[in-house]
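**Student:** Okay, here's the structure, questions in a sec.
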Amino acid sequence: MRSAAAVFLLSFGLYLWSLPPALAPYRDTGEMSVASRTLGVAHPTSYPLYVQLGHVAQSLPLGNRAFRLSLLSALCGALALTLLFVLCRRRWGPAAGVSAVLLLGLNATFWSVVQVQEMYSLWVLCAVALMGEAWSLAEGYGERRWLSFCLLSGVALSNRLDLVLWAPGLLWICLGGPGLSGKASFWAGAAFLLFPAAMVLLGSNLPVALLIAGTALWLAPQPARRWSWAGRSALAAGLGLAVYLYLPVRSLSVPYLDWNHPATLGNLMDSILRTRYGGTLDLLSRNYAKGELFGVNLRFYGLHLWENFSLAGLAAVLAGSWRCLQRDPRRWLGMAAAWWWSGPVFLFLANMPPNPHALAIVDPHYLLSETVLVLWAAEGAGALPRPALSWAACLLLAAVPLWQGRVSRMDRRGHFFSYDFAKNVLRCVPPGGTVVAKKDVQLYALWHYQVVQGWRPDAHVVAQGLAGTLWYQADQRRRSPGLSLGPLRDAADWRRFISLNGAVAATMDCEVPPEVAAAGRARGLLTAWADGPAAPAGEEGLWSLMARRGRYDYDEAPDFFTSDLVGSCSQALYQQGRQLFREGASEAAERAFLQAWAWQWRFPDPPGFLGFIAYGRGDFQRARGFYSLAARINEETLRLTEVYHSLPDLKAGVRRAAAETYTQLGVILERLKDPAAAESSYRRSIALLPTAQAHYDLAVLYWARDPVRAEAELLEALRLEPGHAEAGRYLAVLRSRRR
């Protein structure tokens, strides 16, 4: 008992020490805070257990409300580690328990989720508790314990429904027969191959439900009373799942946040099953063929395991898995099925591209499968022939993350990025104005600080992606009767919205049609239209009022979501620089471009514009340097679009920007009397994207020394763009010389 208490206090103390003081910039943290505070309905699957526990946590007088939710996450994380320690120590000794705690507790992903206002650490706690109950049932089946397991399963699923991926394996551990009999082989074939294949072919989650129901009925302890036993089991599980009744009850009471309005049965089932998300992790995956990205996702999963387990931890996993197979095949098969479904099968179905944003979305979902590996690693550490070797393994498992600098990397005590972003954005919104945001972190941060903290109640915060949905429009009509909402997709939608709502602004993460964006003005972190802009001096002066605590460096930020906030600031300052340049303040514009570039070094637009300014001043050497850097950044970005399996439109946009940069660089190289380098630059531009301008510039380069090639380039320019006036004029001049 004392050792378990020590594990809890040490782990909770470590997590408490590293917690961010305010809202963490992580996926849905702001939304979870708003839903918890207002007892609202969050996005599907709505997480009713977490929302209610979060409401209780936010009622405690400990720091600000975001910090209270972080405390809940840290508490659940520490409890999960304590329970893990107790389970492993009882079976394989104290060193095994400590090994499990070190492997999971210092895991960078687990550490990150115990710091944020999300439901993931509660998810892991529920998973460990269910595994412990399954092991107890395997040691000796009892009706009461079984019904308790069913009840706990229902409650756990009301936090995160994807825990159902463990269900087939847990049922086998609870009810399966001893050894690897023919019965076990049959079930393994169904669980590992047949039903996953059926899910892929049918594009439905129904096969996993059939596997769960079929496994339970097939393995019923008393076959003669199978159906009565199944009825009692379903009733117990249903009592746990009754937590989901919170959704229609609260929806009927018109809460502040009523996502999808699950007051009707159809909407309730849509919310629980995520049917409007296609049953997938993210709609982005639907842009790719089934299984197209499985190989690359497995590779990143392997890299994740290598970083968080190290060679020592993975060796312990293999040793423990082998020992489990030899000594307890029933438990091994169930655990293997749990790992298979929550690891490789999940990754196959998720089918997410390997870009930083998608990887950040997938990252916490590794934890279910990794929990299985941690249990095997603990068994492997406990199987070492001498206690001294087991404790040495513990020291090694602790030393690796310390050597990697994980403690300093996970220190979020001074992390105010989300707080400062929301404060700065709301400073830029005119009185009574409307601000549109799109990305989760940016949007939900504004939700949290307006609704939970009470900032700027006069402002209207609009979610671009939700503006066209009926439930969101109904929510906004109750809160802001004067606000006119509709879809925000194309230019006509945006113009209608701006004309109806007066002072409108948008954050940098919004997808605004170029022609609409061009009509706006830079206003700090926003683009503003209609009544939004102030005098130019006032707009530039907004930057002096903004707080920016922490290191603003896109590449050095501790996580993707912080990088994204830094990127938003960089893009906004770049936009401010463009406006200053248009208004004749070129020196102020240059300072803005340099600062924007310093925040996000791989952002090619600032060096490109700096090159343009230098070119206008006749400083061709300086212009060459800036354009060369912009070209290199564009080339690297283009390479990354292939690595990330980016969508065709994004690749085309990057390719177009790179081609334009090379064309501009070629013009500068001509001015510097370097025709060979200029030709190479034009050729690279054409290789990236054939344009009339690049061919025309090549024709000018060849004009005096090779008229035949000049004519060929002019003809190609006119083929690509028949209305290119300069190409037509020069072609006529060239042909007139031959007469």
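The values are calculated or read from the model by the stated rules, or taken from the named source; none is laboratory data. Worth saying up front: this structure is predicted, and the values here are computed from it rather than measured. We place every Cβ from the backbone using ideal geometry, glycine too, and count neighbours over all the protein chains shown.
**Student:** Counting only residues that are assigned to a loop (DSSP other than H, G, I, E, B), acidic (Asp, Glu) and over 18 Å from residue 518 (Cβ atoms), how many does the stretch 549-588 have? Explain how you work it out, then say what you get.
**Tutor:** Keep residues of the stretch 549-588 that are assigned to a loop (DSSP other than H, G, I, E, B), which gives 549-553, 557-559, 583-585.
When the remaining residues are screened for being acidic (Asp, Glu), the result is 553, 559, 583.
Checking which are over 18 Å from residue 518 (Cβ atoms) leaves us with 553, 559.
So the count comes out to 2.
**Student:** Can you work out which of the residues in the stretch 16-41 that are more than 21 Å from the chain's Cα centre (by Cα) and within 20 Å of residue 550 (Cβ to Cβ) is surrounded by the fewest Cβ atoms within 10 Å (Cβ to Cβ)?
**Tutor:** Ranking the qualifying residues of the stretch 16-41, first place goes to 17.
**Student:** Restricting to the stretch 677-717, count the residues that are in a loop (DSSP other than H, G, I, E, B), within 16 Å of residue 733 (Cβ to Cβ) and not charged (D, E, K, R).
**Tutor:** Within the stretch 677-717, residues that are in a loop (DSSP other than H, G, I, E, B), within 16 Å of residue 733 (Cβ to Cβ) and not charged (D, E, K, R) number 2.
**Student:** Tally up the residues in the stretch 498-514 that are in a helix (DSSP H, G or I) and either at pLDDT 95 or above or of a type in the set (Val, Ile, Thr) (or both), please.
**Tutor:** Restricting attention to the stretch 498-514, the residues satisfying the condition of being in a helix (DSSP H, G or I) are 498-501, 514.
Adding the requirement that they be either at pLDDT 95 or above or of a type in the set (Val, Ile, Thr) (or both) leaves 498.
The total comes to 1.
**Student:** Restricting attention to the stretch 363-414, which residues are β-branched (Val, Ile, Thr) and surrounded by fewer than 21 Cβ atoms within 10 Å (Cβ to Cβ)?
**Tutor:** First, the residues of the stretch 363-414 that are β-branched (Val, Ile, Thr): 371-372, 374, 400, 407.
400, 407, listed by residue number.
**Student:** Suppose the filter is out of contact with any helix residue (DSSP H, G or I) (no Cβ under 6 Å at 6 or more places or on another chain), within 30 Å of residue 350 (Cα to Cα) and aromatic (Phe, Trp, Tyr); does residue 187 pass it? Spell out the reasoning first.
**Tutor:** Numbers: out of contact with any helix residue (DSSP H, G or I) (no Cβ under 6 Å at 6 or more places or on another chain): yes; within 30 Å of residue 350 (Cα to Cα): yes; aromatic (Phe, Trp, Tyr): yes.
The answer is yes for residue 187.
**Student:** Is it the case, given these coordinates, that residue 481 is free of Cβ contacts under 8 Å to residues at least 24 places away in the same chain, over 28 Å from the mean Cα position of the chain (by Cα) and over 26 Å from residue 565 (Cβ atoms)? Step through it out loud before you land on a result.
**Tutor:** Working: free of Cβ contacts under 8 Å to residues at least 24 places away in the same chain: yes; over 28 Å from the mean Cα position of the chain (by Cα): yes; over 26 Å from residue 565 (Cβ atoms): yes.
So residue 481 passes the test.
**Student:** Restricting attention to the stretch 65-118, and to residues there that are under 23 Å from the mean Cα position of the chain (by Cα) and among the polar types (S, T, N, Q), which single residue is nearest to residue 385 (Cα to Cα)?
**Tutor:** 107
**Student:** Let me ask something additional. Given (1) over 35 Å from the mean Cα position of the chain (by Cα); (2) closer than 30 Å to residue 351 by Cα, identify the lone condition not met by residue 621.
**Tutor:** The failed condition is (2).
**Student:** For the stretch 14-32, indicate whether the set of residues that are closer than 20 Å to residue 253 by Cβ and not hydroxyl-bearing (Ser, Thr, Tyr) is non-empty.
**Tutor:** In the first step, residues of the stretch 14-32 are kept if they are closer than 20 Å to residue 253 by Cβ; the result is 31-32.
Add one more test, that the residue is not hydroxyl-bearing (Ser, Thr, Tyr), and what stays is 31-32.
Yes: the stretch 14-32 contains one or more residues that are closer than 20 Å to residue 253 by Cβ and not hydroxyl-bearing (Ser, Thr, Tyr).
**Student:** What's the number of the only condition in (1) modelled with pLDDT of 95 or more; (2) under 15 Å from residue 299 (Cβ atoms) that residue 348 fails to meet?
**Tutor:** The number of the failed condition is (1).
**Student:** Could you say which residue among 675, 722 is in contact (Cβ under 8 Å) with a residue 24 or more places away in the chain, more than 30 Å from residue 300 (Cα to Cα) and outside the structural domain of residue 292 (by TED's automatic domain parsing)? Spell out the reasoning first.
**Tutor:** On the way: 722 fails: in contact (Cβ under 8 Å) with a residue 24 or more places away in the chain.
After ruling out the rest, the residue left standing is 675.
**Student:** Shifting gears a bit: Quick one: is residue 53 assigned to a loop (DSSP other than H, G, I, E, B) and in the same structural domain as residue 134 (by TED's automatic domain parsing)?
**Tutor:** Details: assigned to a loop (DSSP other than H, G, I, E, B): no; in the same structural domain as residue 134 (by TED's automatic domain parsing): yes.
For residue 53, the condition - assigned to a loop (DSSP other than H, G, I, E, B) and in the same structural domain as residue 134 (by TED's automatic domain parsing) - is not met.
**Student:** Still on this model: With the structure loaded, tell me whether residue 337 is among the small types (Gly, Ala, Ser), in the same structural domain as residue 102 (by TED's automatic domain parsing) and farther than 19 Å from residue 315 by Cβ or whether it fails that test. Please lay out each step first, then the result.
**Tutor:** Working: among the small types (Gly, Ala, Ser): yes; in the same structural domain as residue 102 (by TED's automatic domain parsing): yes; farther than 19 Å from residue 315 by Cβ: yes.
So residue 337 passes the test.
**Student:** Sticking with this structure for a sec: Residue check: is residue 83 crowded, with 19+ Cβ neighbours inside 10 Å, assigned by TED's automatic domain parsing to the domain that holds residue 111 and without any contact (Cβ under 8 Å) to a residue 60 or more places away in the chain?
**Tutor:** On the way: crowded, with 19+ Cβ neighbours inside 10 Å: yes; assigned by TED's automatic domain parsing to the domain that holds residue 111: yes; without any contact (Cβ under 8 Å) to a residue 60 or more places away in the chain: yes.
Judged against the criteria, residue 83 is a match.
**Student:** Could you run through the stretch 1-50 and say how many residues are in contact with an Asp or Glu (Cβ under 7 Å, 6 or more places away or on another chain) and polar (S, T, N, Q)?
**Tutor:** Within the stretch 1-50, residues that are in contact with an Asp or Glu (Cβ under 7 Å, 6 or more places away or on another chain) and polar (S, T, N, Q) number 2.
**Student:** I've got another one for you. Tell me the residue from 344, 354, 255 that is assigned to a helix (DSSP H, G or I) and surrounded by fewer than 21 Cβ atoms within 10 Å (Cβ to Cβ), please.
**Tutor:** Working: 354 fails: assigned to a helix (DSSP H, G or I); 255 fails: assigned to a helix (DSSP H, G or I).
Only one candidate qualifies: 344.
**Student:** Give me the pairs: first residue in the stretch 267-294 and of a type in the set (A, V, I, L, M, F, W, C), second residue modelled with pLDDT under 70 and not in a helix (DSSP H, G or I), beta-carbon distance under 9 Å, and six or more apart or on different chains, which are they?
**Tutor:** Final answer for the pair search is 273/279.
**Student:** Name the one entry in 435, 461 that is buried (at least 20 other Cβ atoms within 10 Å of the Cβ), over 22 Å from the mean Cα position of the chain (by Cα) and either part of a strand (DSSP E or B) or in the same structural domain as residue 69 (by TED's automatic domain parsing) (or both). First the steps, then the outcome.
**Tutor:** Details: 461 fails: over 22 Å from the mean Cα position of the chain (by Cα).
So the residue among 435, 461 that is buried (at least 20 other Cβ atoms within 10 Å of the Cβ), over 22 Å from the mean Cα position of the chain (by Cα) and either part of a strand (DSSP E or B) or in the same structural domain as residue 69 (by TED's automatic domain parsing) (or both) is 435.
**Student:** Just to be sure, is residue 449 assigned by TED's automatic domain parsing to the domain that holds residue 505, over 26 Å from residue 517 (Cα atoms), modelled with pLDDT of 95 or more and not aliphatic (A, V, I, L, M)? Let's see the steps before the verdict.
**Tutor:** Details: assigned by TED's automatic domain parsing to the domain that holds residue 505: yes; over 26 Å from residue 517 (Cα atoms): yes; modelled with pLDDT of 95 or more: yes; not aliphatic (A, V, I, L, M): yes.
In short, yes.
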